[in-house]
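Colleague: This is the structure, below, for whatever I ask next.
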Amino acid sequence: MSSCEVDAPWKEIARRKRAERDAAIPADWKLDQKHLPKEIGEPENVLSVPDQCGILTAKELKITSRYSARGLISGITSNHLTAKEVTAAFCKRAAIAQQLSNCLTELLFTSALQRAESLDKHLAEYGKPFGPLHGLPISMKDSFNVTGVDSSIGIAALCFKPAKSNSPLVDLLLSLGCVIIAKTNVPQTLAALDSNNNVFGRTMNPINRLVTAGGSSGGEGVLVAMKGSMIGVGTDIGGSIRIPAMCNGIYGFKPSSGRVPHGGQEAGSLYENGRAAIEAVTGPIARSVQDLDTFLKEVVPRAEMWAEDCVPGNWGGKEMKGCGKNGTFVVGIMRRDGNCEPLPPVLKVIEEVKQKVTRVGNIEVVDIPTPLAWTNCQGLANRLMAANGTTRMVDLLEETKEPLAPWMQGRFKRSQARSFAEVRDMQAQRSSLERRMLDIWYHTDNDGLRKRKFDALICPVAPHPVPPIDRWNAVGYTSSFVLLDYPAAVIPVRRFDEGDLELGKEMGGSSLGSWDKRNRQLWDEKITDRKVYLDTPLSIQVVAPKLHDFELCRMMDVIDRALRATGRDSKL
């Protein structure tokens, strides 16, 4: 696929699609010139613009920024708020976010307001909410099917081909009372850790327009960070929920496979989410652990009734006790994966978290040497992610003579699905790694009983801070936990500050390989101006064993509370 001719069909399709999207923003919701961002080139922070532009009323500002998800639902169902006014406030704020960051693909404002009005009528007529998430405004990654709406995933050949039915998760969320206000931007091919495509363009990070917004659920991360949606629904196969959460300073939760319905999406693949390879999962992105919990508490127990790819699950139960003496929580610290040495600010924030969590008193923290099995995960995860081939995606691009986006050039090409024998061998290797990793979590005591060693693990989300656009490096810190099918989540800790600039003028030791070499370039002042990282979020990843999703959410809350109790950056 080479650069296309002047009359290549994709160009006109993209022009029409953007025009359709832009026309969905009412005139009185449009920003004036002084509030629009400058051209790329400045580390501009636009998070405060919605509060300052005058488009939102004082009440709408309160609705979109002062409530938790549960608080909003309570306000609506107790008649202190209406679903319609809440939806209108979030639609307005989403429209502002779109003008500042280019995070949306489908603006569902009209249908959302109609839906909200019907929920208000239901509450008035029957005196009870439609469902446990009555009136909650949410957004969804563009890959999810919503009847009558495109799921183009930024590919011209898929534009103007509206979905004929909902994804199972969409039906489930609607049954719970949610209001879907928008769908959000993704990278071309869904196989990049930024969010840029030829149809909708690039989603910008609202904290700093010089660094990546993350991907592939980048539009979700940005919209939630800008308070344009209460909860965003993303997907994750290599880190696509957790990476945008890190880049935008918010919380993201990648569940175990089968906890949240995932099927019925447009992925540009012949095999959708083929079970022969590595399975993507769906999960929430939010501004607090409590909001993640609100979503998962209602979705996980019902998932098996709505989707064939889900397993029976509960959320909650008896009070959780730690696996240490007298119920103390035990957290393991894994600082490095053995493939990419974390840059100094990443190691510093992990140590800061260790010290803060230790001071709380009911948490024991133990350092864990890098397991060789974890080191071996990245290469196998990469091979399994490619097992289904790229035939349909390449066919879709060639259909309209659409070129690859700049970052994809040289990285993406036509490939056939791997043979049964190849996939069988890779899955055997996967089983071996899963077995070896069990020794991290469990040990056999003197009586021959198998016991848990850790309630959760803490490790980096990436070996680097939020990097400049299109320079995200290794994915092993996130993709490994999809391979192992461990639930994994992101907690923001603080912002990168002036003191971090002076850490380790040069990286010591020799490079561990090609990934590590590129990672070191992100700290090499001859290649990267470290000031680009100033004020960007620094986060941690928290991990639990397979299917221990509820326990992970509880441990996130324990760790998050510990960080707040000992002082955390007020800007987060």
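Colleague: For a quick check of your reading of the model, give me the residue pairs whose first member lies in the stretch 56-77 and is free of Cβ contacts under 8 Å to residues at least 40 places away in the same chain and over 17 Å from Leu119 (Cα atoms), whose second is part of a helix (DSSP H, G or I) and among the acidic types (Asp, Glu), with beta-carbon atoms closer than 7 Å and at least 6 apart or on different chains.
Modeller: Matching pairs, first to second residue: Leu61/Asp51.
Colleague: Which of the residues that make up the stretch 504-522 are small (Gly, Ala, Ser) and open to solvent by less than 40 Å² (accessible area, probe 1.4 Å)? Spell out how you get there, then give the answer.
Modeller: Here is the first cut: in the stretch 504-522, the residues small (Gly, Ala, Ser) are 504, 508-511, 513-514.
Scanning the stretch 504-522 gives Gly504, Gly513.
Colleague: Right, something else. Run Ala474 past the list (1) modelled with pLDDT of 95 or more; (2) closer than 26 Å to Pro284 by Cβ and report the number of the one that doesn't hold.
Modeller: (1)
Colleague: Ok, one more. Is it the case that some residue within the stretch 544-565 is assigned to a loop (DSSP other than H, G, I, E, B), modelled with pLDDT under 95 and either in contact with a Gly (Cβ under 7 Å, 6 or more places away or on another chain) or open to solvent by 10 Å² or more (accessible area, probe 1.4 Å) (or both)? Talk me through it step by step, then tell me what you get.
Modeller: Step one: list which residues in the stretch 544-565 are assigned to a loop (DSSP other than H, G, I, E, B), which gives 544-548.
Next, from what is left, pick out any that are modelled with pLDDT under 95: none.
No; the residues of the stretch 544-565 include none that is assigned to a loop (DSSP other than H, G, I, E, B), modelled with pLDDT under 95 and either in contact with a Gly (Cβ under 7 Å, 6 or more places away or on another chain) or open to solvent by 10 Å² or more (accessible area, probe 1.4 Å) (or both).
Colleague: Before we move on, is Ser240 of a type in the set (Ser, Thr, Tyr), touching a Phe, Trp or Tyr at 6+ places or on another chain (Cβ under 7 Å) and under 27 Å from Leu534 (Cα atoms)?
Modeller: Numbers: of a type in the set (Ser, Thr, Tyr): yes; touching a Phe, Trp or Tyr at 6+ places or on another chain (Cβ under 7 Å): no; under 27 Å from Leu534 (Cα atoms): yes.
Spelling it out, it is not the case that Ser240 is of a type in the set (Ser, Thr, Tyr), touching a Phe, Trp or Tyr at 6+ places or on another chain (Cβ under 7 Å) and under 27 Å from Leu534 (Cα atoms).
Colleague: State whether the residues of the stretch 92-109 include one that is assigned to a loop (DSSP other than H, G, I, E, B), buried (at least 24 other Cβ atoms within 10 Å of the Cβ), in contact with a helix residue (DSSP H, G or I) (Cβ under 9 Å, 6 or more places away or on another chain) and free of Cβ contacts under 8 Å to residues at least 60 places away in the same chain. Don't jump to the end; show me each part of the working.
Modeller: Initial filter on the stretch 92-109 (assigned to a loop (DSSP other than H, G, I, E, B)): 102-103, 108.
From what's left, buried (at least 24 other Cβ atoms within 10 Å of the Cβ): 103.
Next, only the ones that are in contact with a helix residue (DSSP H, G or I) (Cβ under 9 Å, 6 or more places away or on another chain) stay: 103.
Applying the additional criterion that residues be free of Cβ contacts under 8 Å to residues at least 60 places away in the same chain yields none.
No, that holds for no residue.
Colleague: Output the strands (runs of 3 or more DSSP E) that fall wholly within the stretch 411-492 and possess 2 or more residues being open to solvent by 40 Å² or more (accessible area, probe 1.4 Å) and in contact with a His (Cβ under 9 Å, 6 or more places away or on another chain), or say none. Before the answer, list the steps.
Modeller: Numbers: elements: 442-444, 450-452, 456-459.
Here the list reads 450-452.
Colleague: For the stretch 161-209, how many residues are open to solvent by 10 Å² or more (accessible area, probe 1.4 Å) and in contact with a Leu (Cβ under 7 Å, 6 or more places away or on another chain)?
Modeller: So the answer is 1.
Colleague: While we're here: Return the pairs, sorted by first residue and then second, in which the second residue is of a type in the set (Phe, Trp, Tyr) and surrounded by 22 or more Cβ atoms within 10 Å (Cβ to Cβ), the first residue lies in the stretch 288-301 and is closer than 13 Å to Ile250 by Cβ and at pLDDT 95 or above, the beta carbons are less than 9 Å apart, and the residues are 6+ apart or on different chains.
Modeller: Within 9 Å, the pairs are Ser288/Tyr251; Val289/Tyr251; Val289/Phe253; Asp291/Tyr251; Leu292/Tyr251; Leu292/Phe253.
Colleague: Report the residue count in the stretch 210-260 for those that are over 17 Å from Ser539 (Cα atoms), open to solvent by less than 10 Å² (accessible area, probe 1.4 Å), in a strand (DSSP E or B) and not acidic (Asp, Glu).
Modeller: Result for the stretch 210-260: 4.
Colleague: Looking at Gly316, Gly327, Gly332 in this structure, which one is under 23 Å from Ile241 (Cβ atoms) and at pLDDT below 95? I'd like the intermediate steps shown before the answer.
Modeller: On the way: Gly327 fails: under 23 Å from Ile241 (Cβ atoms); Gly332 fails: at pLDDT below 95.
Of the residues listed, the single one that is under 23 Å from Ile241 (Cβ atoms) and at pLDDT below 95 is Gly316.
Colleague: Still on this structure, I have one more. Just to be sure before I move on: is Thr77 under 28 Å from Asp28 (Cα atoms) and of a type in the set (Val, Ile, Thr) in the structure I sent? If you could, list the steps in order and put the result at the bottom.
Modeller: Details: under 28 Å from Asp28 (Cα atoms): no; of a type in the set (Val, Ile, Thr): yes.
It is false that Thr77 is under 28 Å from Asp28 (Cα atoms) and of a type in the set (Val, Ile, Thr).
Colleague: Within the stretch 24-70, work out how many residues are in a helix (DSSP H, G or I) and farther than 21 Å from Gly249 by Cβ. Break it down stepwise before answering.
Modeller: First, the residues of the stretch 24-70 that are in a helix (DSSP H, G or I): 27-29, 33-35, 49-52, 58-65, 69-70.
The next check asks that each one be farther than 21 Å from Gly249 by Cβ; those that pass are 27-29, 33-35, 58-60, 62-63, 70.
Residues in the stretch 24-70 being in a helix (DSSP H, G or I) and farther than 21 Å from Gly249 by Cβ: 12 in total.
Colleague: Please go through (1) touching a residue at least 60 places away in the same chain (Cβ under 8 Å); (2) farther than 21 Å from Glu402 by Cβ for Val199 and return the number of the only condition it doesn't satisfy.
Modeller: For Val199, the failing item is (2).
Colleague: When the stretch 522-555 is examined, which residues are found to be over 30 Å from Glu298 (Cα atoms) and touching a Ser or Thr at 6+ places or on another chain (Cβ under 6 Å)?
Modeller: Leu522
The values are calculated or read from the model by the stated rules, or taken from the named source; none is laboratory data. This one's a predicted model, so the numbers in the text were calculated from it and none came from an experiment. Note that we place each Cβ from the backbone using ideal geometry, even for glycine, and neighbour counts take in every protein chain shown. Note: accessible area is taken over every heavy atom of the protein model, side chains too, but ligands, DNA and RNA are not part of it. Shrake-Rupley method; radii C 1.70, N 1.55, O 1.52, S 1.80 Å.
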